[in-house]
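Notes follow the structure.
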Amino acid sequence: QVQLVESGGGLVQAGGSLRLSCAASGRTFSSYRMGWFRQAPGKEREFVASTRWSLGSTDYADFVKGRFIISRDNAKNTVYLQMNSLKLEDTAVYSCAASNTGGRLTSSYDYWGQGTQVTVSS
């Protein structure tokens with residue numbers, strides 16, 4: 001059974017940092033692309049960042065470039081999202097996902113975690 005479990009969300013002041021983790025289990029993800037998405041209240045889910053397990057290539061949405069860093073620990077089957085210089089508009093539920101094909105579309109991702117809440121306060 002494939003599982004993606006996020007952790008690390010919480011409440012942080014604007015300008016602060018958080019690191020999200022996504023632990024993957026249940027299959028081999030070496031050929032998969034792992035992505036982080038977020039969904040704010042009343043808005044559609046949007047792409048944040050992604051990385052490929054094997055090559056380590058990364059992709060970022062423009063609104064997080066220079067602030068967020070996606071990384072992975074192959075030995076732990078875990079993907080991280082380091083979020084720095086957080087803004088009020090970063091408040092959302094953040095979910096990790098796995099895709100055999102990659103890209104930025106949610107429809108391209110086959111497996112999803114349950115999500116973790118990130119709230120940025122002023």
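Numbers below:
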read-out: The lone exception for V118 - which of (1) touching a Phe, Trp or Tyr at 6+ places or on another chain (Cβ under 9 Å); (2) open to solvent by less than 80 Å² (accessible area, probe 1.4 Å); (3) under 20 Å from F29 (Cα atoms) it fails; value: (3)
read-out: Region 1-16: number of residues that are surrounded by 17 or more Cβ atoms within 10 Å (Cβ to Cβ) and either of a type in the set (S, T, Y) or over 14 Å from R72 (Cα atoms) (or both); value: 2
read-out: Lone unmet requirement of (1) touching a helix residue (DSSP H, G or I) at 6+ places or on another chain (Cβ under 9 Å); (2) of a type in the set (F, W, Y); (3) closer than 22 Å to Q1 by Cα for Y94; value: (1)
read-out: Breaking point among (1) surrounded by fewer than 20 Cβ atoms within 10 Å (Cβ to Cβ); (2) touching a residue at least 12 places away in the same chain (Cβ under 8 Å), for E44; value: (2)
read-out: Odd one out for G56, checked against (1) on the phi > 0 side of the Ramachandran plot; (2) without any contact (Cβ under 8 Å) to a residue 60 or more places away in the chain; (3) within 14 Å of the chain's Cα centre (by Cα); value: (3)
read-out: Region 17-37 - residue that is open to solvent by less than 20 Å² (accessible area, probe 1.4 Å) and of a type outside the set (A, V, I, L, M, F, W, C) and, of those, nearest to the chain's Cα centre (by Cα); value: G35
read-out: Residue match in region 50-62 (condition: open to solvent by less than 10 Å² (accessible area, probe 1.4 Å) and among the charged types (D, E, K, R)); value: no
read-out: So D73, is it under 20 Å from G103 (Cα atoms) and either among the hydrophobic types (A, V, I, L, M, F, W, C) or open to solvent by less than 50 Å² (accessible area, probe 1.4 Å) (or both); value: no
read-out: Count of residues meeting criterion [farther than 15 Å from M34 by Cβ and either in a strand (DSSP E or B) or of a type in the set (D, E) (or both)] in region 66-80; value: 0
read-out: Filtered residues of region 81-113 (kept if more than 15 Å from R38 (Cβ to Cβ) and either open to solvent by 30 Å² or more (accessible area, probe 1.4 Å) or part of a strand (DSSP E or B) (or both)); value: N84, S85, A98, S99, N100, T101, G103, S107, D110, Y111
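The values are calculated or read from the model by the stated rules, or taken from the named source; none is laboratory data. It should be emphasised that the depicted structure is a prediction, and the values quoted were computed from it without experimental measurement. All Cβ positions, even for glycine, are placed from backbone atoms using ideal geometry, and neighbour counts span all protein chains on display. What goes into the accessible areas is simple: the full protein's heavy atoms, side chains included, and nothing from ligands, DNA or RNA. Shrake-Rupley method; radii C 1.70, N 1.55, O 1.52, S 1.80 Å.
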